[in-house]
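Presented below is the structure to which this report refers.
The values are calculated or read from the model by the stated rules, or taken from the named source; none is laboratory data. Small disclaimer: the values here were computed from a predicted structure and weren't measured. As a convention, Cβ positions derive from the backbone with ideal geometry for all residues, glycine included, and neighbour counts pool all protein chains shown.
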Amino acid sequence: MPIKEGQKIPTVTLKTVDMKDITTDEIFGGRKVVLFAVPGAFTPTCSEQHLPGFISHADEIRAKGVDDIVCVSVNDAFVMKAWGRDRGADDKVTLIADGNGALAKALGLDFDGSGIGFGIRSQRYAAIVENGVVTKLSVEQPMKFEVSSAEAILGAL
């Protein structure tokens, strides 16, 4: 069952791009965070639209009282670091590796992409999380990019 608005993000341990453990409690506790997930780093929509949108709108999003913008993907920390460097995420978007899909599974937002060689991945979504509680959640339909864009989240803030 997927997480719903009003529910707390489950506690799981993820990896920073520097291979350090970080828990969801550390990421979201006492802060307002925009979280978005992509099916895979370096994939077309993720690299050409989703991440770049949040990078280009980062200042506008932060001006709405957001402490951090976090992108998570079921990729390892090395891939996330290279992707962030390649796309110019720098200090605009914090990239977090969900290498084992722990967060995607805990949120009920995982999917089996084995048919296209992806294995278990995260659905594409965006959320506003305040002190660990999801206050807005926009999950995309498969193969769509409509409700989880930076522009959509700006409208929700």
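Worth pointing out:
- Taken over segment 63-98, the criterion of being of a type in the set (F, W, Y) and within 18 Å of V34 (Cα to Cα) is satisfied by no residue.
- Of the criteria (1) in contact with a Leu (Cβ under 9 Å, 6 or more places away or on another chain); (2) crowded, with 16+ Cβ neighbours inside 10 Å, which one G65 fails: (2)
- Every pair of residues 6+ apart whose Cβ atoms lie under 9 Å, when the first sits in segment 43-67 and is under 13 Å from G155 (Cα atoms) and of a type in the set (V, I, T) while the second is at pLDDT 95 or above and crowded, with 19+ Cβ neighbours inside 10 Å: I61/V34; I61/F54; I61/I69; I61/A150; I61/I153
- Any hit, segment 66-87, residues being in contact with a Gly (Cβ under 8 Å, 6 or more places away or on another chain), modelled with pLDDT under 95 and aliphatic (A, V, I, L, M): no
- Scanning segment 46-63 for residues that are part of a helix (DSSP H, G or I) and either of a type in the set (A, V, I, L, M) or under 20 Å from G101 (Cα atoms) (or both) returns C46, S47, H50, L51, I55, A58, I61.
- The strands (runs of 3 or more DSSP E) found wholly in segment 67-140 and carrying at least 1 residues that are within 21 Å of M19 (Cβ to Cβ) occupy 68-73, 94-97, 120-122.
- Qualifying residues in segment 135-146 (those that are at pLDDT below 95 and either surrounded by 13 or more Cβ atoms within 10 Å (Cβ to Cβ) or of a type in the set (A, V, I, L, M, F, W, C) (or both)) - the one nearest to T24 (Cα to Cα): E140
- Which listed residue, of G132, G117, G84, is out of contact with any Phe, Trp or Tyr (no Cβ under 8 Å at 6 or more places or on another chain), surrounded by fewer than 20 Cβ atoms within 10 Å (Cβ to Cβ) and not acidic (D, E): G117
- Test: A106 is in contact with a Pro (Cβ under 9 Å, 6 or more places away or on another chain) and of a type in the set (A, V, I, L, M): yes
- So G30, is it touching a Lys or Arg at 6+ places or on another chain (Cβ under 8 Å), within 18 Å of V133 (Cα to Cα), assigned to a loop (DSSP other than H, G, I, E, B) and not β-branched (V, I, T): no
- Being assigned to a strand (DSSP E or B) and under 23 Å from P142 (Cα atoms) holds for only one residue in A41, A37, and it is A37.
- Against the numbered list (1) at negative phi; (2) more than 15 Å from the chain's Cα centre (by Cα), G30 comes up short only at (1).
- Enumeration of residues in segment 1-42 that are surrounded by fewer than 13 Cβ atoms within 10 Å (Cβ to Cβ) and either within 17 Å of K92 (Cα to Cα) or basic (K, R) (or both): K4, D18, K20
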